[in-house]
């Protein structure tokens with residue numbers, strides 16, 4: 001399925017390479033800050049992608065010069081009519097984007113093309129791989145508004161990339177983290193020129209899609225649970241995944257192809 005971007009959609013999904021889709025946030029005039037229509041569109045897009053067995057990699061980015069500037073404060077600051085249960089439900093709806101992004105069976109590459117702030121930082125951190133344009137910057141944001149710096153999983157995700165001391169420094173000071181520092185601290189895997197960002201992300205996706213779909217999904221399915229469990233639980237998950245994988249046609253042909261010095265032929269390709 002290929003979706004052509006339309007002006008009345010805050011999120012679009014396009015098939016931009018074999019077995020690869022690009023999800024784009026499209027509120028460029030507000031640096032793709034989150035509104036309810038955008039949040040709902042992104043939830044719907046992630047739900048649809050989750051069920052697609054013909055897609056092996058998801059790339060997420062923002063339109064224009066920003067990845068996602070967090071919640072649209074200008075649109076929300078005058079809402080004084082909401083009681084605590086309604087506000088809590090709204091908070092969960094926003095933070096649920098990070099959970100849903102991480103829960104996708106496909107690996108997710110965040111192509112961070114500009115500011116990733118607040119909930120936007122949480123979205124970037126929830127991806128499996130992050131590539132930054134030179135112009136990308138990362139910032140917590142919320143603490144400046146009198147709110148806690150932890151939102152959309154930042155307090156769990158960030159220290160696992162940077163370590164606890166650096167994460168607290170970033171969260172408590174609200175300072176801007178440049179693309180170069182983000183690479184140095186392990187927040188992103190590489191920094192590339194702005195104009196090359198999508199090409200690099202697509203090339204990375206092609207490296208992933210060159211492998212058997214089951215193997216790719218199996219790798220992600222054990223990787224994240226194993227970051228929270230102990231070694232024995234990790235080995236048990238890996239063992240189950242490997243035994244399932246070895247029963248597949250893709251695995252058998254990949255092994256034969258290795259011995260025969262040829263490219264494997266995967267199902268559904």
Task: Verdict on residue 204 being part of a helix (DSSP H, G or I), modelled with pLDDT of 95 or more and either over 30 Å from residue 119 (Cβ atoms) or not assigned by TED's automatic domain parsing to the domain that holds residue 145 (or both) - done: no
TODO: Would you please name the residue that is surrounded by the most Cβ atoms within 10 Å (Cβ to Cβ), looking only at residues in segment 117-135 that are touching a helix residue (DSSP H, G or I) at 6+ places or on another chain (Cβ under 8 Å) and closer than 15 Å to residue 186 by Cβ?
DONE: 121
Task: Matching residues, segment 28-47, being surrounded by fewer than 22 Cβ atoms within 10 Å (Cβ to Cβ) and not in a helix (DSSP H, G or I) - done: 35
Open item on the list: Among the residues of segment 74-95, are any at pLDDT 90 or above, within 16 Å of the chain's Cα centre (by Cα), more than 29 Å from residue 203 (Cα to Cα) and assigned by TED's automatic domain parsing to the domain that holds residue 203?
Closed with: yes
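The values are calculated or read from the model by the stated rules, or taken from the named source; none is laboratory data. Note that this is a predicted model, so its numbers are computed, not measured. Neighbour counts run over all protein chains shown; Cβ positions are idealised from the backbone, glycine included.
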